[in-house]
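Some notes on the structure that comes next.
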Amino acid sequence: LNVTEEKFVLDTLAGCAEYKSMLDVVVNAFYVQDGRYCPISERNLYLVICYLATFQLEDIGLQHFSRIVKSLDTAKMQKFLRFFFNDLYLNTWIKDEWSHFYDSVYVKENWIDPLLRWQPKVQQLIEKLTDKLSNHTTTVKTSRVTQPKEFNLTVPKPRAILLPPPAPLPVPAKRQPVPPSIYKPPKERKQLEEIKTKNIQKAKVSITSLTCVCKGGPFFLNNLPMQGRILTGTEIDPFLPQYLEVVWKSVLTQYFQEFTKQPQDPIDNIPIKLNTAAILREGALYQRKLEEELKRIQNLQQGAGDPSEFLEWQKQMRGKDLEEQLAEIECRRLQGKLSHEEAVLARQNVIQENKKKADLLREEKAELMHLYAEKRLQEQKEMKELVEQVTEGHKNVKQVKAKIQEYKQQIVQQVCEESEELLRQALEEEEEKNRKRYELIQQIRAIESIPSIKHKFVDLTETGGHGLFGEMSIVELRERLALLKEAQKAAEEEKRDQIIHEKQAKEQLLLDKLDQISQFRAELGRAAALKQEEKKKSQSGERPMKDERILNLQKKIVEKTMERKKQEGLL
């Protein structure tokens, strides 16, 4: 490159490094919106174009800028320039993002306004690129597809079958067929359904007989003597007293109870096989009931009081607890509301602090830029001084080279002498090592030439002599193993006997439980039968009373009707 081109390249590189944060904003947004399918390796290309369009377009001119753009890929440049020189983007988010790094007035005057002035001319360049893209026909190169070839392998010869013939497959034993009773419903369910249908039919018959009796009875509304008009079965004379309707309802309920309480066929006792868990569960239930009854009787004997006061106190305490819980919930709600308000205030304070911090950062950045400019000037001055010193030093180069040559020769001579001395010492040490090694080999060969006893007699009754605590001979080890086996067999026999005894005890416990359950069931059955008989006796005793009450009411009704008729005649 010549001097001007080199200066242009260096200035561009330095500018891209200095304004990298601003350029990254535009390029990152381009990759998110329009450049989603552009490779990331071309990022530096877009950074350079963005820098030239923003900072160097006034200096290099539109002609030079268009020549740079046309030398690159047309589609990529057309897409990026159309994105960057968009009026809406420049006036909105690009300006706001650049204002985070520099003052907004400075950004608008020095960068945004010049870009908007150049926008019409750049738009003409974008239209030229678009026309070039529309007229350009791309030729797609067809890549040659690799055709796979088979390997030229030798075909192995078929081997002779020398294996014995396979053994015949074993014929499985014929299994018994599934019994047909599995697919049939149980008899108990069928019996229960038949009993259910019989009860339903009996209920229907009783209801029909009840309706017939009620319609023909003496208390049916159509049979009552009425004066002045004929009433239907559903109408009621308004001059009748109110208690007549009550009497009518009580009579109907009495007839209904008499006809519905028909003796039903007793359900056959269906045998149910109980397993161990069911027996223990039912036995525990009866045992628990027995203990509760004993405890209740014992408390009554000891003079247990009425728990109503305790229940009232418990109700009051629960009400107080509920009120406290509601008050606590209300407090939590108010606390949540208060914390929400505090969070809103804290957020507003944080926003104000962030604004203050941003202002301070801008001021610090301006000061740092000023210091950086002063530092660059100082470095340039130092570089100039260093260049002057280097030019003065070039004058005395020959004298310095001669001195350096003599000094190097002296160093080489000293190194040669020292290396010869070290080499001589190394040779002497190596000879001494070889002599000692030779003597050691001679001693080893002399020791190996002495004959040794190869056979060793083993005594099984003696110990190894290693000095361990649990050391024993092989004979003692065998005896101890035999004793351990005998002890293990004895333990197994004892455990087997214990399991048998536990099993017998469990069976006896189940039998006791079954006896206890049968006794309880028998007692409960007798108690239910007695209760049923008492109930029947009480019902039979009450019926004549009810009948007498009905007759009395009927007499009173007749008397009242007669009085009413007399009054009507007098009127």
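Go over the candidates Glu439, Glu448 one by one and state the one that is modelled with pLDDT of 85 or more, acidic (Asp, Glu) and part of a helix (DSSP H, G or I). Steps first, answer last, please.
Working: Glu448 fails: modelled with pLDDT of 85 or more.
That would be Glu439, the only listed residue that is modelled with pLDDT of 85 or more, acidic (Asp, Glu) and part of a helix (DSSP H, G or I).
Tell me which residues, restricted to segment 92-118, are among the aliphatic types (A, V, I, L, M) and open to solvent by less than 40 Å² (accessible area, probe 1.4 Å). First the steps, then the outcome.
If we filter segment 92-118 for residues that are among the aliphatic types (A, V, I, L, M), which is where we start, we get 94, 105, 107, 112, 115-116.
Selection gives Ile94, Val107, Ile112, Leu115.
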Note on Pro39: of the conditions (1) free of Cβ contacts under 8 Å to residues at least 12 places away in the same chain; (2) over 54 Å from the mean Cα position of the chain (by Cα); (3) farther than 27 Å from Ala358 by Cα, unmet is (2)
Can you pull out every residue in segment 291-310 that is open to solvent by 100 Å² or more (accessible area, probe 1.4 Å), among the hydrophobic types (A, V, I, L, M, F, W, C) and at pLDDT 75 or above? Leu294, Phe310
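Hey, can you tell me all the residues within segment 34-53 that are open to solvent by 50 Å² or more (accessible area, probe 1.4 Å) and not in a helix (DSSP H, G or I)? Even if it seems obvious, please write down each step before you answer.
So the first thing to find is which residues in segment 34-53 are open to solvent by 50 Å² or more (accessible area, probe 1.4 Å), and the list is 34, 36-37, 39-41, 43-45, 48.
Answer for segment 34-53, where residues must be open to solvent by 50 Å² or more (accessible area, probe 1.4 Å) and not in a helix (DSSP H, G or I): Asp34, Arg36, Tyr37, Pro39.
Can you go through Arg526, Arg496 and tell me which one is open to solvent by 100 Å² or more (accessible area, probe 1.4 Å), without any contact (Cβ under 8 Å) to a residue 60 or more places away in the chain and under 26 Å from Glu282 (Cβ atoms)? Spell out how you get there, then give the answer.
Values: Arg496 fails: under 26 Å from Glu282 (Cβ atoms).
The match here is Arg526.
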For segment 380-397, indicate whether the set of residues that are free of Cβ contacts under 8 Å to residues at least 40 places away in the same chain and under 30 Å from His100 (Cβ atoms) is non-empty. no
Across segment 393-442, what is the number of residues that are open to solvent by less than 100 Å² (accessible area, probe 1.4 Å) and hydroxyl-bearing (Ser, Thr, Tyr)? 1
Assess whether Leu72 counts as being closer than 23 Å to Ser134 by Cβ, open to solvent by 20 Å² or more (accessible area, probe 1.4 Å) and outside any helix (DSSP H, G or I). yes
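The values are calculated or read from the model by the stated rules, or taken from the named source; none is laboratory data. Worth saying up front: this structure is predicted, and the values here are computed from it rather than measured. Positions of Cβ are generated from backbone atoms using ideal geometry, with glycine treated the same way; all protein chains shown enter the neighbour counts. These area figures cover heavy atoms from the full protein model, side chains too; ligands, DNA and RNA do not enter into them. Shrake-Rupley method; radii C 1.70, N 1.55, O 1.52, S 1.80 Å.
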